[in-house]
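Below you'll find the structure, written out as structure tokens, and then a few comments.
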Amino acid sequence: MPRSRKIRSRRLSLVLGLVTAFAVLLAGAGDLDAAPNKKKKRSSAETTSSSSSSSSSSSSEGTSSAQLLRQVDAKLQAYATADARSLLETAPSPADPGVILASGRLLLLEKDYPKAATKLQEAAAASPQDPAPWLYLGLTHAYAERRAEADQAYATALDRAQTLLAANPGNGEAQLQLGIAQQRLRRLNEAQATFESLLANRPQDAQVLYQLGLTRALQQQWGPAVDLLTQAIDRDSGIAYAYYYRGLAAEQTGRKDLLIADMDRFLFLAPDAPEAARARRILEAARG
């Protein structure tokens, strides 16, 4: 094949790869670290209402569980599944809703979709008001190519988040989860407004910046997407998918160098991700 035709073919392959990558996300898959897994802080009223006979060991166990879940969350964000599993094996209370949710997220990253769905349904039952299990259950169904079930799970997450916000409009985690549900349901303008409102109160929050940047990319607002995802990476370099989507958006702004660097970084952090094969094809086309 003549060189000019090879170049055109590689460019076409790259463009098709980018289009496919964003189309997959709009279909509901493609972002395994979509929702926070943070323990809700207990209010002073809740603390006061606790039994005065609670032992110091029980309090210590609660603190230990919260710290463990934060460590597990960081490992899952960075796609360090082996480390996450090792940490979860030390959980003092496997029945803790946060531990169940983290276990479901881990199974999702490991692409064991049937077991992930079962575990996430268990997490939803253990914490009925929490939108997070439904967001991850939606992702599980999406990766298993069950689109109707995915949308139903996202809609349930949206409903749960709205209920929490109706009771407490200042609930930032519920607002973040609402925005993610809106994004997954392809209600992108609503998601943008939700994330921008939250960002005004949490300007340094890497997850908010990441989700807003991802939303802007889905809206094909490439420049703002690159800027927001760069800010997210500056604040948390362990969000594997921030590199993936910044690379896709960067290529659309003529930043081939950033595309290559970001796909390399994504593959380093998440070599077994469902998007890894696509990332390798895009990288090969960009370098060709």
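The values are calculated or read from the model by the stated rules, or taken from the named source; none is laboratory data. Keep in mind that this is a model prediction, so the values were computed, not measured. Note that we place each Cβ from the backbone using ideal geometry, even for glycine, and neighbour counts take in every protein chain shown. For the accessible areas, the whole protein counts, side chains as well, though only heavy atoms, and no ligand, DNA or RNA atoms are used. Shrake-Rupley method; radii C 1.70, N 1.55, O 1.52, S 1.80 Å.
Looking only at segment 79-96, count how many residues are closer than 16 Å to Lys111 by Cα, of a type in the set (A, V, I, L, M) and crowded, with 17+ Cβ neighbours inside 10 Å. Spell out how you get there, then give the answer.
Here is the first cut: in segment 79-96, the residues closer than 16 Å to Lys111 by Cα are 79-82, 84-85.
Checking the rest, the ones that are also of a type in the set (A, V, I, L, M) come to 80, 82, 84.
Next cut, crowded, with 17+ Cβ neighbours inside 10 Å only: 80, 84.
Qualifying residue count, segment 79-96: 2.
Could you list, in sequence order, all residues of segment 112-131 that are touching a Pro at 6+ places or on another chain (Cβ under 7 Å), open to solvent by less than 40 Å² (accessible area, probe 1.4 Å) and either in a helix (DSSP H, G or I) or farther than 17 Å from Ala102 by Cβ (or both)?
Of everything in segment 112-131, those that are touching a Pro at 6+ places or on another chain (Cβ under 7 Å), open to solvent by less than 40 Å² (accessible area, probe 1.4 Å) and either in a helix (DSSP H, G or I) or farther than 17 Å from Ala102 by Cβ (or both) turn out to be Leu120, Ala123, Ala124.
If you take the residues of segment 162-188 that are of a type outside the set (D, E, K, R) and without any contact (Cβ under 8 Å) to a residue 12 or more places away in the chain, which of them is surrounded by the most Cβ atoms within 10 Å (Cβ to Cβ)? First the steps, then the outcome.
Applying the first criterion (of a type outside the set (D, E, K, R)) to segment 162-188 yields 162-172, 174-183, 185, 188.
From the residues that got through so far, the ones that are without any contact (Cβ under 8 Å) to a residue 12 or more places away in the chain too are 166-171.
Details: Ala166: 10, Ala167: 10, Asn168: 9, Pro169: 9, Gly170: 8, Asn171: 16.
So the residue we want is Asn171.
Among the residues that make up segment 203-212, is at least one of them more than 13 Å from the chain's Cα centre (by Cα), under 24 Å from Leu135 (Cα atoms), at pLDDT 95 or above and open to solvent by less than 50 Å² (accessible area, probe 1.4 Å)?
Within segment 203-212 (the criterion being more than 13 Å from the chain's Cα centre (by Cα), under 24 Å from Leu135 (Cα atoms), at pLDDT 95 or above and open to solvent by less than 50 Å² (accessible area, probe 1.4 Å)), the answer is yes, since at least one residue qualifies.
Could you check how many residues of segment 242-263 are farther than 11 Å from Ile282 by Cβ and buried (at least 24 other Cβ atoms within 10 Å of the Cβ)?
6
Could you grab me the full set of residues in segment 69-98 that are farther than 25 Å from Pro271 by Cα and part of a helix (DSSP H, G or I)? Don't jump to the end; show me each part of the working.
Step one: filter segment 69-98 for residues farther than 25 Å from Pro271 by Cα, giving 90-98.
Result: Pro97, Gly98.
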